[in-house]
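Working notes, beginning with the structure itself.
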Amino acid sequence: MSELRQRIYMVLKENKGQFVSGERLARENGVSRAAVSKAVRVLCGEGCDIEAVTRQGYRLREYPPGLQADAISRWLKKLEADARVCCFSSIDSTNTEARRRAGELTGPTLFAADSQTAGRGRQGHTFYSPVSTGLYMTVAVPVRLPLQDAALATQAMAVAAVRAVRAAGGPELRVKWVNDLYYQGKKVAGILTEAISDLESGLVAALLCGIGYNLTTRVFPDGLQQIAGVIGRLDRNELAARTTAEFLRLAASLPDTSGWLPEYTGHSLVLGRGLSFEQNGQVFHAVGETIDEKGRLIVRMADSSLRTLSSGEISIRPDDLK
């Protein structure tokens with residue numbers, strides 16, 4: 001969400017039920033009234049119910065309830081999981097916040113936000129994070145793992161998300177190796193895993209596994225409209241707790257993946273599908289063959305040889321994403 005839309009939303013939220021003039025919003029933000037009108041239209045497209053009345057201004061009638069740390073904690077207790085919970089109405093990035101506070105970790109911690117101003121994806125990509133129409137969260141877990149095993153946290157989070165969405169009343173999601181989740185042929189969630197290293201031991205000291213869910217977003221920026229989709233309306237406090245609880249159970253088994261890797265492969269969009277990938281500046285075409293115990297994708301090349309992919313982006317034909 002842009003800073004202007006975020007500021008306008010917060011003013012309307014603070015004055016919920018009362019009209020705020022476009023002139024005031026423009027003056028306080030140093031922009032034109034036309035810019036305010038455009039920002040409000042985008043907010044409406046993102047799920048905010050804003051009424052506009054000539055000579056009165058704008059009024060926020062309804063907005064999705066914010067994330068509540070107490071509600072998430074109650075869900076975690078019900079699910080027999082334990083984690084500290086930190087909630088934000090807006091933040092730059094939950095992964096960034098988890099990294100900033102990594103030195104304070106004494107146990108599992110959930111960082112969850114209603115919106116992000118600088119949401120991040122893999123390989124420097126941004127993650128669109130509009131206010132209150134998605135769930136943006138990071139689970140930070142102290143661990144002692146070799147770096148090569150820490151990467152398995154991404155697959156663990158994918159399985160956790162599939163389980164959590166279904167248990168919260170949502171649809172069955174599919175997994176596009178290695179970090180995207182799909183529904184009805186559209187990307188509805190993305191995962192970003194980062195690690196904090198202990199220089200003395202050479203091991204990973206903490207895993208920071210973030211996931212962003214698109215739940216009810218109506219309008220996406222140019223470039224995302226054809227590829228991004230939504231899961232549907234779910235209780236975000238419940239979903240945050242279920243995702244956290246499932247991830248903590250799976251992460252506790254790392255590097256052993258035998259208990260949940262079959263589930264990961266069972267939800268894969270990749271296996272048996274034609275795909276393409278790039279290595280050393282060259283594009284290759286192959287078919288997804290299997291996923292090994294280290295979470296690596298094994299593909300069958302055109303000459304029938306097998307090749308192992310440990311990381312990177314793959315592309316699948318649009319018709320094969322469903």
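Model label points for ASP92 and LEU199, set 7 angstrom from Cα along the Cα-to-Cβ axis, are 2.2 nm apart.
Between the Cα long axis of helix 3-14 and the first principal axis of the chain there is an angle of about 60°, rounded to the nearest 10. If I take R0 = 45 Å and measure r between the Cβ atoms of ALA118 and GLU23 in this structure, what FRET efficiency does the formula 1/(1 + (r/R0)^6) give, to the nearest 0.05? Once rounded, the FRET efficiency stands at 0.90. With contacts taken as Cα pairs under 8 Å at a separation of at least 6 residues, the chain carries a relative contact order of 15 percent. Once C-alpha pairs closer than 8 Å and six or more residues apart are averaged by separation and normalised to the residue number of the range 81-127, the relative contact order reads 47 percent.
Grab the other residues whose beta carbon is less than 15 angstrom from that of ARG27, score K and R as +1, D and E as -1, and report the net. Provide the component values of the computation, followed by the final result.
Working: positive: ARG7, ARG24, ARG33; negative: GLU23, GLU28.
My count for the surroundings of ARG27 gives +1.
The angle between the Cα long axis of helix 69-78 and the main principal axis of the chain comes to about 40°, on a 0 to 90 degree scale. For ALA167, the shell of other residues with beta-carbons less than 12 Å away shows a net charge of 0, using +1 for Lys and Arg and -1 for Asp and Glu. Relative to the dominant Cα principal axis of the chain, helix 152-167 is inclined by about 60°. Cross-link pairs exceeding 31 Å between alpha carbons, from the set LYS38/LYS186; LYS186/LYS294; LYS16/LYS38; LYS38/LYS176; LYS16/LYS186: LYS38/LYS176; LYS16/LYS186. Scanning residues 5 or more positions from VAL143 or on other chains, those with amide H under 5 Å from its amide H are ALA206, LEU207, with H placed 1.01 Å from N in the peptide plane.
Each value in this text was obtained by applying a stated rule to the coordinates, not by laboratory testing. Small disclaimer: the values here were computed from a predicted structure and weren't measured. Here Cβ is always computed from backbone atoms with ideal geometry, including for glycine, and neighbour counts include all displayed protein chains.
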